[in-house]
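J.: So that we are looking at the same thing, I have put the structure below in structure tokens.
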Amino acid sequence: MRKSIFSLLFAGILMLGFQSTAQELEPKGKIKDPKGLSQKSHNFFMSKKLDMATYQRDSLHRLVIAFNKDTAERGIQYRLLDSLHRDLQSRFQSLTEKHNKLQSDYSEMNDRYTDLIKSSLSKTEQLNLALKEKGDQLLARERKLAELEAIIRRQDSITNALNDIVKKALLSFNSDELTVEMKNGKVYVSLSDKLLFKSGSAEVEEKGMDAIKKLSDVLNKNADIDILIEGHTDDKPIKTAAFSDNWDLSTARANNIVRLLIDAHHVDPKRLTAAGRSEFQPRANNETVEGRAKNRRTEIVLTPKLDELYKLINKRR
């Protein structure tokens with residue numbers, strides 16, 4: 001449609017140019033037939049008129065040639081421009097499609113990027129929350145550890161205090177008769193066989209009763225201490241009318257100490273435990289006389305209660 005309109009306009013312009021050119025070539029005046037002239041003059045004027053007509057014909061012919069040439073050139077230019085227009089239009093359409101495709105890809109990528117950002121933020125928040133929970137757990141564990149360390153320190157303090165108190169109470173006895181030591185948060189009072197009992201007997205001797213009395217005074221003043229009485233022997237077997245073996249002997253000695261503490265010194269029986277160990281927890285080698293003497297012993301194990309630590313520390317002061 002646009003090509004038809006353009007062709008009509010172009011043809012109109014050419015016709016106007018042709019008419020203008022024709023007007024320029026047209027003679028300014030016409031030769032009229034002379035009247036009253038001779039035949040010679042008349043022929044002269046006719047010749048002039050013929051020359052003028054020939055000139056006009058040749059001019060028109062040249063104009064037609066020029067017009068045809070111009071029309072051909074304009075046609076070539078038109079076809080070139082039309083081809084260029086079509087090519088540009090095709091390229092424009094292709095670029096438009098590419099633009100739309102890129103726009104679609106951009107929208108898709110933007111949506112994915114937004115989703116990734118949201119997902120990343122979500123994972124970061126989850127990680128931060130997990131780290132916070134772990135941090136809280138570590139803080140809680142640190143607090144518990146600090147509390148346990150404080151309890152252990154208090155227990156060590158009270159055990160040290162109790163150890164000093166017992167040592168002072170039993171200071172009059174020799175080291176080969178009894179020893180006082182602290183280990184594993186407890187105080188161990190080890191009384192030798194020769195201090196407490198005669199060989200093969202479970203009856204407490206006079207000097208041994210004195211040691212039990214002095215120890216019971218400390219125990220009655222510190223009521224929040226658990227007391228374990230353990231009887232130990234050497235590995236020499238025994239078989240008498242009273243005891244069938246070392247188990248019987250060690251257990252009987254522990255039971256007699258417990259009864260002495262309860263009956264003679266009024267120690268609360270709820271705090272007391274008796275145990276016979278026979279020869280199975282020796283302190284020394286049973287191959288020597290000295291070693292067997294160390295193994296024949298009665299141990300009184302004192303365990304402070306943690307809820308009464310401060311009381312013992314204050315008493316020590």
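The values are calculated or read from the model by the stated rules, or taken from the named source; none is laboratory data. What you see is a predicted model; the values in this text were computed from it and never measured. Here Cβ is always computed from backbone atoms with ideal geometry, including for glycine, and neighbour counts include all displayed protein chains.
J.: Look at segment 192-242 and say how many of its residues are crowded, with 19+ Cβ neighbours inside 10 Å and without any contact (Cβ under 8 Å) to a residue 24 or more places away in the chain.
T.: 2
J.: Quick check: anything in segment 291-298 assigned by TED's automatic domain parsing to the domain that holds Leu228, in a loop (DSSP other than H, G, I, E, B) and either without any contact (Cβ under 8 Å) to a residue 12 or more places away in the chain or basic (Lys, Arg) (or both)?
T.: Within segment 291-298, one or more residues are assigned by TED's automatic domain parsing to the domain that holds Leu228, in a loop (DSSP other than H, G, I, E, B) and either without any contact (Cβ under 8 Å) to a residue 12 or more places away in the chain or basic (Lys, Arg) (or both).
J.: Scan segment 236-258 and give yes if some residue there is part of a helix (DSSP H, G or I), polar (S, T, N, Q) and touching a helix residue (DSSP H, G or I) at 6+ places or on another chain (Cβ under 8 Å), otherwise no.
T.: No; the residues of segment 236-258 include none that is part of a helix (DSSP H, G or I), polar (S, T, N, Q) and touching a helix residue (DSSP H, G or I) at 6+ places or on another chain (Cβ under 8 Å).
J.: From the list Glu133, Glu149, Glu108, pick out the single residue that is surrounded by 10 or more Cβ atoms within 10 Å (Cβ to Cβ), of a type in the set (D, E, K, R), closer than 30 Å to Lys183 by Cα and not assigned by TED's automatic domain parsing to the domain that holds Asp217.
T.: The unique qualifying residue is Glu149.
J.: Quick test for you: out of Leu145, Leu170, pick the one residue that is at pLDDT 85 or above and not β-branched (Val, Ile, Thr).
T.: The conditions single out Leu170.
J.: Just to be sure I understand the filter: pairs with C-beta atoms under 6 Å, separated by 6 or more residues or on different chains, first member in segment 266-288 and in the same structural domain as Ile225 (by TED's automatic domain parsing), second member basic (Lys, Arg). Which pairs pass?
T.: Taking only residues 6 or more apart or on different chains, the pairs are Arg283/Lys294; Ala284/Lys294; Asn286/Arg292.
J.: Here's a follow-up. Starting from residues that are in a loop (DSSP other than H, G, I, E, B) and of a type in the set (Ser, Thr, Tyr), keep the ones in segment 192-220 and report whichever is farthest from Arg259 (Cα to Cα).
T.: Ser199
J.: Looking for whichever is touching a residue at least 40 places away in the same chain (Cβ under 8 Å), touching a helix residue (DSSP H, G or I) at 6+ places or on another chain (Cβ under 9 Å), surrounded by 10 or more Cβ atoms within 10 Å (Cβ to Cβ) and not in a helix (DSSP H, G or I) here; the options are Val180, Val189. Which one fits?
T.: Val189
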